[in-house]
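The values are calculated or read from the model by the stated rules, or taken from the named source; none is laboratory data. Quantities reported herein were computed from a predicted structural model and do not represent experimental measurements. Note that each Cβ is placed from the backbone with ideal geometry, even for glycine, and that neighbours are counted across all protein chains shown. Heavy atoms of the whole protein, side chains included, go into the accessibility calculation; ligands, DNA and RNA do not. Shrake-Rupley method; radii C 1.70, N 1.55, O 1.52, S 1.80 Å.
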Amino acid sequence: MERGLRWLGGAILLAAALVVVGGATLAPHEMGEQFRDHLYAPPMSVRVVDADGWHRPFVHPLLLEDRVTRRFRVDTTRRVPLVWWSGGKLVRMEGAGPLLLLGADGLGRDVFTRLVLGARASLGVAGVAVIGALVIGILVGATAGYTGGATDEVLMRLAEFVLVLPAIYVVLALRAALPLVLPSAAVFGLMAGLLALVGWPPVARGVRAIVASERRRDYAVAAASIGVRPVRLMLRHLLPATSGFLAVQVTLLLPAFILAEATLSFVGLGFAEPTASWGTMLREAGNVRAIAEFPWLLSPAAAIVLVVLGLNLLSQTGRFAAFKASSTPV
């Protein structure tokens, strides 16, 4: 059972990585491409069989019956085959019609395309922020654990001060104090930097505890006694002992940063239109009426849940869970 859960978590994360890397190929349309006759169009079903028997994969096109009420009808009299590996896209409809696997939003944009391309922004920010938090945490924790004394006290009190702050409110306040209208690249770097600045203390405390313990072991004392330089001792002997702890921290920080990016974009402090991220897509789904009438707009929430579930399945099984239980910082 445990092994199956671990494989499931790994498969989810692998799928997310493939979406990030191959998003431009997987998305059948461009991010901002609009289809004026398909505002809030429902998802299309890919079929291989109909009343006439079996066929290669196809869809039935959507016909707009009422523009005011946004009522669509599936035209079951027509079969539109899917074209594979054409024009740099994995799949598209034969002809000029839109392929709406997850329906369309209020501007007639393909939700599946924006979901796939938005994964780069949401998961990219979270991934860079995790790297930043790890780098800061390792530097601070290793310095504190190795040197001890006053340096250790100052650095750990700083970490505790940041740790007790309500992180999401601090990030919201800092982001709100900066210019709201920025290029997408600047927003990406800004959000990743802010998240890294509030996410490093748990890493630093854990690294500090492990380094302080390891440097008193016989192998570290022997290495120092024969003249091994502190930097070499740290890189070759002490920091490798923190690898398991750091792996656990990744599984804890990444979901938190994914949710933080979604929150920032949802309240208008993250990516701005037409750039897609899971948070900007959920902003439109924040309307209760929209959720009731067009539930496919919640697909970014489902994507977030799946990625977080995958990370949790990895962190709660096997060696991750064992290390997590035995490596609480002191």
Which residue is farthest from Gly97 (Cα to Cα), if the candidates are limited to region 29-75 and must be open to solvent by 40 Å² or more (accessible area, probe 1.4 Å) and touching a helix residue (DSSP H, G or I) at 6+ places or on another chain (Cβ under 6 Å)? Met31
Quick test of your reading of the structure: Tyr169 fulfils all but one of (1) in a helix (DSSP H, G or I); (2) touching a helix residue (DSSP H, G or I) at 6+ places or on another chain (Cβ under 8 Å). Name the failing condition by number. (2)
Sort through Gly95, Gly118, Gly132 and tell me the only one that's small (Gly, Ala, Ser), farther than 30 Å from Arg205 by Cα and outside any loop (DSSP other than H, G, I, E, B). Gly118
Starting from region 88-117, take each residue that is over 20 Å from Gly286 (Cα atoms) and free of Cβ contacts under 8 Å to residues at least 40 places away in the same chain and list its partners that are open to solvent by 20 Å² or more (accessible area, probe 1.4 Å) and assigned to a strand (DSSP E or B), counting only C-beta distances under 7 angstrom and pairs at least six apart or across chains. Glu94/Pro81; Glu94/Val83
Is region 17-27 home to any residue that is modelled with pLDDT of 90 or more, assigned to a loop (DSSP other than H, G, I, E, B) and crowded, with 16+ Cβ neighbours inside 10 Å? yes
Limited to region 252-303, what total is found for residues that are polar (S, T, N, Q) and open to solvent by 10 Å² or more (accessible area, probe 1.4 Å)? 4
Any residue in region 227-234 that is outside any loop (DSSP other than H, G, I, E, B), in contact with a Leu (Cβ under 6 Å, 6 or more places away or on another chain) and either open to solvent by 70 Å² or more (accessible area, probe 1.4 Å) or more than 30 Å from Arg175 (Cα to Cα) (or both)? no
If I filter region 76-87 for residues that are open to solvent by 20 Å² or more (accessible area, probe 1.4 Å), aromatic (Phe, Trp, Tyr) and touching a residue at least 40 places away in the same chain (Cβ under 8 Å), do I get at least one hit? no
